Amino acid sequence: MKRTLVTGGAGFIGSHLVEALVAQGRDVLVFDNFSTGKRENLPDSNRVQVVEGDISDKSHVERLFRKFNFDTVFHLAAVASVAKSVENPEETHRTNFDGTLYLLQESVKHSVVRFIFASSAAVYGDLPELPKKETDPVKPLTPYAVDKFASERYVVNAFELYGLKTTALRFFNVFGPRQDPSSPYSGVISIFVDRVIKSLKGEDAGITIFGDGKQTRDFIFVKDVVKALLLVERSHDAVGGVFNVGTGKATSLLDLLDYLAKIAGRLPPVHFAPPRRGDIKHSVADISALRGLGFSPSFTVEEGLRVLFEWERENG
């Protein structure tokens, strides 16, 4: 029996992808070390099998491919913390680069049909050109970004060298349910929503913005990221390519606060602090290439925020 492999499938984005795959009637194997992923994120379905293991351990990966047959590999597992990569580059390199290489090698060896890799907009660094195009120069500024870009090149080259049908997707700022707001590495939206809900419950929870709040990002709702993942899997034109995944629209932190005030009715106290060193002022994706495959976001930032707010209020 052929399965679809999702590495990091118990994590934030991975678990949403697993849900969508199960809804398509597919049999999914989740490979996760549960360093950040949670079993409760996964759907309760006999179509989902979970194997606990670590992609940075070559023997774990080899054993996985010997035991199971996969038609598609969605490689989402990573140490997603930029700060952690700076603190411990060797450890994160083993996961974010070596793990990718092991998966590619086994996918070639075992005749996997499609291999889709979650890269990151971090590869662009702080170069000023906007919007970010896939053909732009890159300037990875951290070990996390360096490993993502190096992995991305291995992924793309695996098509030319070995015939493995690969695609790399550069995720911009993904948000949605199951993103852990308690993590110091969590996205700004999940933190903002968490603070608003705590304030509505009467807790002493304020919002801190580093800088003037006019900095912008391309925030994309997690369901649209899953949409992009499934689209490129079935697109012949995506093979061997690299694609930005965003909305193509810039949203400032002050815009986020305005949306949240409208959704929640009021905001907790907002404090402004000095900008953090190394923070990029503006980032937005050019998604022309992905649109050329038929992609268009289904959620605006405000619509996604509303879904997240209601989910957090019910489940938080």
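At-a-glance table
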| item | result |
| --- | --- |
| Residue within segment 298-311 that is assigned by TED's automatic domain parsing to the domain that holds VAL188, assigned to a strand (DSSP E or B) and in contact with a Phe, Trp or Tyr (Cβ under 6 Å, 6 or more places away or on another chain) present | no |
| Test: LEU29 is part of a helix (DSSP H, G or I) and either crowded, with 19+ Cβ neighbours inside 10 Å or over 15 Å from the mean Cα position of the chain (by Cα) (or both) | no |
| Residue match in segment 142-160 (condition: touching an Asp or Glu at 6+ places or on another chain (Cβ under 6 Å), crowded, with 21+ Cβ neighbours inside 10 Å and not hydrophobic (A, V, I, L, M, F, W, C)) | no |
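The values are calculated or read from the model by the stated rules, or taken from the named source; none is laboratory data. All figures in this text were calculated on a predicted structure; none of them were measured in a lab. No Cβ is skipped: glycine too gets one built from the backbone with ideal geometry, and neighbour counts run over all protein chains shown.
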